[in-house]
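First comes the structure, then the notes that go with it.
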Amino acid sequence: MDIKLIDANTGDAAGAVAVDDAVFAAAFNEPLVHQVVTAYMAKSRAGTKAQKSRSEVSGGGAKPWRQKGTGRARAGSIRSPIWVGGGRAFPNKPRSYEQKVNRKMYRAAMRSILSELVRSGRLVVVDDFKLDAPKTKQFVSKMKQLGLQDALVVTEGFDENLYLASRNLYNADATDVNGVDPVSLIGYETVVLTQGALKQLEEKLA
């Protein structure tokens with residue numbers, strides 16, 4: 001299939017680019033995409049929350065009062081979970097939220113997302129996307145020229161000017177092919193790929 005190529009400087013059509021149907025015309029597998037996106041977001045969780053159990057809270061070595069004869073309930077430690085200042089009954093401990101997703105599933109999900117972006121008209125391919133200086137004003141101006149607002153720009157290699165110019169914008173971002181992930185692809189209204197990035201993604205996912 002062919003995808004329309006846009007001139008990044010003028011916003012006009014500049015021909016078409018032939019792409020592999022297996023990558024950019026795959027069926028949308030919603031359950032797989034959901035699983036991969038969920039696993040990706042879960043893996044980013046720190047999982048470093050920790051609380052103390054009754055055995056880890058300091059103090060509580062002596063029995064507060066004798067077992068019988070006081071008229072009060074039996075108590076063996078002032079660090080019981082039902083006491084103020086006591087340990088937690090079911091304390092949180094450091095853990096990993098990582099879910100296993102094999103490479104075949106991940107690539108299939110990426111192909112599914114990219115294909116759906118093409119079908120919905122949310123994938124834009126430009127010949128190039130460069131800035132003369134790391135200026136947010138230049139980045140916004142180029143985006144307006146292309147008729148874009150909420151967009152992710154993907155280039156074939158890391159571009160420091162693009163990174164610095166876009167990092168202060170809440171509705172736009174720029175990355176290279178190695179930084180593309182399922183969450184970033186579905187998190188923006190439009191995904192802008194340079195011609196070089198398009199070919200690199202095609203080679204990685206074919």
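Quick note: the coordinates plus some simple rules give every number you see, no bench work behind them. Given the structure is predicted, the values throughout are model-derived calculations rather than measurements. Quick reminder, even Gly has a Cβ in these numbers, built from the backbone with ideal geometry, and neighbours come from all protein chains shown.
Is it true that Gln67 is free of Cβ contacts under 8 Å to residues at least 40 places away in the same chain, among the polar types (S, T, N, Q) and either surrounded by fewer than 13 Cβ atoms within 10 Å (Cβ to Cβ) or in contact with a helix residue (DSSP H, G or I) (Cβ under 6 Å, 6 or more places away or on another chain) (or both)?
So Gln67 fits the description; yes.
Looking only at region 31-46, which residues are exposed (fewer than 15 other Cβ atoms within 10 Å of the Cβ) and of a type outside the set (S, T, N, Q)?
Selection gives Pro31, His34, Met41, Ala42, Lys43, Arg45, Ala46.
Out of all the residues in region 174-187, which are loosely packed, with under 15 Cβ neighbours inside 10 Å and polar (S, T, N, Q)? Walk me through it before giving the result.
Narrowing region 174-187 to residues loosely packed, with under 15 Cβ neighbours inside 10 Å: 178-179, 183, 187.
Asn178, the sole residue that qualifies.
Here's a check for you: in region 122-173, which residue that is within 13 Å of Ala197 (Cα to Cα) and of a type in the set (Val, Ile, Thr) is surrounded by the most Cβ atoms within 10 Å (Cβ to Cβ)?
So the residue we want is Val153.
If you scan region 189-206, which residues turn out to be part of a helix (DSSP H, G or I) and not acidic (Asp, Glu)?
Residues satisfying the conditions are Gln195, Gly196, Ala197, Leu198, Lys199, Gln200, Leu201, Lys204, Leu205.
Do we find that Asn92 is surrounded by fewer than 16 Cβ atoms within 10 Å (Cβ to Cβ), polar (S, T, N, Q) and in a loop (DSSP other than H, G, I, E, B) in this structure?
yes
Among the residues of region 55-98, write down those that are at positive phi and in contact with a Lys or Arg (Cβ under 8 Å, 6 or more places away or on another chain).
Matches in region 55-98: Gly59, Gly60, Gly85.
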